[in-house]
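Student: Pasting a structure here, questions to come.
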Amino acid sequence: MSSLKINNLSLKQGNFSLSNISYEILNGEYCALMGKTGSGKSLMIKAISGFIPITNGEIYIKDKPVSELEPKLRNVGYVPQYSMLFQHLNVYNNIAFALKIKKWKKADINCEVCKFADMLDISHLLERNTYNLSGGERQKVALARALIKNPDILLLDEPLSALDEETRISMCEILKKLHANLKVATIHICHNTEEAKLVSNKILKLVDGQVIVA
């Protein structure tokens, strides 16, 4: 069964466009998506998330057509390149945000927040303001915020690109452990071949507007 299926996807933003892209991500796959700068990788996962419209084709998540759905109805976990945490909320409330929107009970929210904070080793940061965090800590919070939704697919847009080498390697190990525990299908955009090999079980490349298996 596939977590994500793209059929003849076309999209356009400004003078840039992608046409007739088709590929599939199976349940439990962790796919690194590589390609030249400006090839459309980020644009594509924003389309999957619902943040930009498509001009043609269809997007299926867990065999459900989602092309016409709002982002909040697609059950996608999305982590942008620079985390985009809510600056007016502390770490706890950033992570809890999606569950509060769904009106979960306070005790259940607390249980889930503590679980993901423990998995990502950020329990000691829960009361911290987000602007006091390091780059690695910010990405951990963004991951927890995305994963607490129990998404059908996780989309990571160059999540480690702004980190120093030691932190990047450490985050690769964390991502591998998270995937082993949660089994959520993942697309991880990166430019580093070593990073791609460390985190993924499949490497995809966006070449001349088409997604191919490397």
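What follows draws every value from the coordinates through simple rules; no lab data is involved. Please read these numbers as outputs of a predicted model, since none were measured by experiment. Virtual Cβ from ideal backbone geometry, glycine too; neighbours counted across all protein chains shown.
Student: Assuming a ≥ b ≥ c are the square roots of the Cα gyration tensor eigenvalues, decide whether the stretch 35-143 counts as rounded (a/c under 1.5), prolate (otherwise, with a/b larger than b/c) or oblate.
Tutor: oblate
Student: 5 Å is the cut-off here: which amide hydrogens, built 1.01 Å from N in the peptide plane, fall below it relative to Ser22, excluding neighbours closer than 5 in sequence?
Tutor: Amide H to amide H, under 5 Å and 5 or more residues apart or across chains, Ser22 pairs with Asn8, Leu9, Val211.
Student: Roughly what % antiparallel, to the nearest 5, for the DSSP beta bridges in the chain?
Tutor: 55 percent
Student: Over the chain, calculate the relative contact order: mean separation of alpha carbon pairs under 8 Å at least 6 apart, over the residue count, as a percent.
Tutor: 31 percent
Student: Right, next: When we measure straight from the Cα of Lys100, which aspartates and glutamates land under 12 angstrom away, once same-chain ones fewer than 8 places off are left out?
Tutor: Asp108, Glu112
Student: Whole-Hz ³J(HN,Hα) for each residue in the stretch 14-24, computed from phi via Karplus 6.51 cos²θ - 1.76 cosθ + 1.60 with θ = phi - 60°, x for glycine and proline: what do you get?
Tutor: x, 8, 9, 8, 10, 9, 6, 8, 9, 6, 9
Student: What residue among Ala96, Ala142, Ala180 has the largest mean-square fluctuation in a Gaussian network model of the chain, using Cα springs under 10 Å?
Tutor: Its mean-square fluctuation being the largest, the pick is Ala180.
Student: Note the angle between two axes, namely the Cα long axis of helix 165-182 and the longest principal axis of the Cα atoms of the chain, as a number of degrees from 0 to 90, rounded to the nearest 10.
Tutor: 90 degrees
Student: Explain nothing, just the number: dipole magnitude of the stretch 14-106 about its Cα centre with +1 on each Lys and Arg Cβ and -1 on each Asp and Glu Cβ, in debye rounded to the nearest 20.
Tutor: In debye, rounded to 20, the stretch 14-106 gives about 580.
Student: Turning to a different aspect of this structure: Can you work out the FRET efficiency for the pair Ser17 and Glu58, with r the C-beta to C-beta distance and R0 = 22 Å, to the nearest 0.05?
Tutor: 0.80
Student: Residue by residue through the stretch 58-73, what is 3J(HN,Hα) from phi via Karplus (6.51 cos²θ - 1.76 cosθ + 1.60, θ = phi - 60°)? Round to whole Hz and write x for glycine and proline.
Tutor: Coupling constants for the stretch 58-73: 9, 10, 10, 10, 6, 6, 9, x, 10, 4, 9, 8, 5, x, 5, 9 Hz.
Student: Got a sec to turn the phi values of the stretch 122-129 into Karplus ³J(HN,Hα) couplings, 6.51 cos²θ - 1.76 cosθ + 1.60 with θ = phi - 60°, whole Hz, x for Gly and Pro?
Tutor: With coefficients 6.51, -1.76 and 1.60, one gets 10, 4, 6, 9, 4, 9, 6, 6 Hz.
Student: What FRET efficiency comes out for Ser10 versus Phe86 if R0 is 45 angstrom and r is the Cβ-Cβ distance? Round to the nearest 0.05.
Tutor: 0.85
Student: Rank His191, Asn15, Asn201 by how far each Cα sits towards the positive end of the charge dipole of the chain (+1 on Lys, Arg Cβ; -1 on Asp, Glu Cβ) and give me just the farthest.
Tutor: Going by the charge dipole, the pick is Asn15.
Student: Using the Cα centre as the reference, give the magnitude of the dipole from point charges on the C-beta atoms of the chain (Lys, Arg: +1; Asp, Glu: -1; all else neutral), rounded to the nearest 20 debye.
Tutor: Dipole size: approximately 600 debye.
Student: What pairs from Lys72/Lys183; Lys103/Lys202; Lys5/Lys115 go past 26 Å between their alpha carbons?
Tutor: Cα-Cα > 26 Å for Lys103/Lys202; Lys5/Lys115; rest within.
Student: Using amide H atoms built in the peptide plane, which far-off residues or other-chain residues are under 5 Å from Ser17 H to H?
Tutor: Correct list: empty.
Student: Hey, another quick one. Under the classification rounded if a/c is under 1.5, otherwise prolate if a/b is larger than b/c and oblate if not, where does the stretch 1-89 fall, given a ≥ b ≥ c as square roots of the Cα gyration tensor eigenvalues?
Tutor: rounded
Student: Given H placed 1.01 Å from N in the peptide plane, which residues other than close sequence neighbours of Leu204 have an amide H under 5 Å from its amide H?
Tutor: Answer set, sorted by chain and number: Ala32, Leu33, Met34, Ala214.
Student: Assuming R0 = 41 Å, what is the FRET efficiency of Asn110 and Asp208, from their Cβ-Cβ distance, to the nearest 0.05?
Tutor: With R0 = 41 Å, the Cβ-Cβ based efficiency is 0.25.
Student: Still on this structure, please answer the following. Note the angle between two axes, namely the Cα long axis of helix 135-147 and the longest principal axis of the Cα atoms of the chain, as a number of degrees from 0 to 90, rounded to the nearest 10.
Tutor: Value to nearest ten degrees: 80.
Student: Quickly work out the Glu70-to-Ser161 label distance, labels modelled 7 Å from Cα along the C-beta direction, and quote it in nm with one decimal.
Tutor: Taking the two extended label points, one gets 2.9 nm.
Student: Starting from the Cα of Ile101, step 7 Å along the direction of its Cβ; do the same at Glu194; then give the gap between the two resulting points in nm.
Tutor: 3.7 nm
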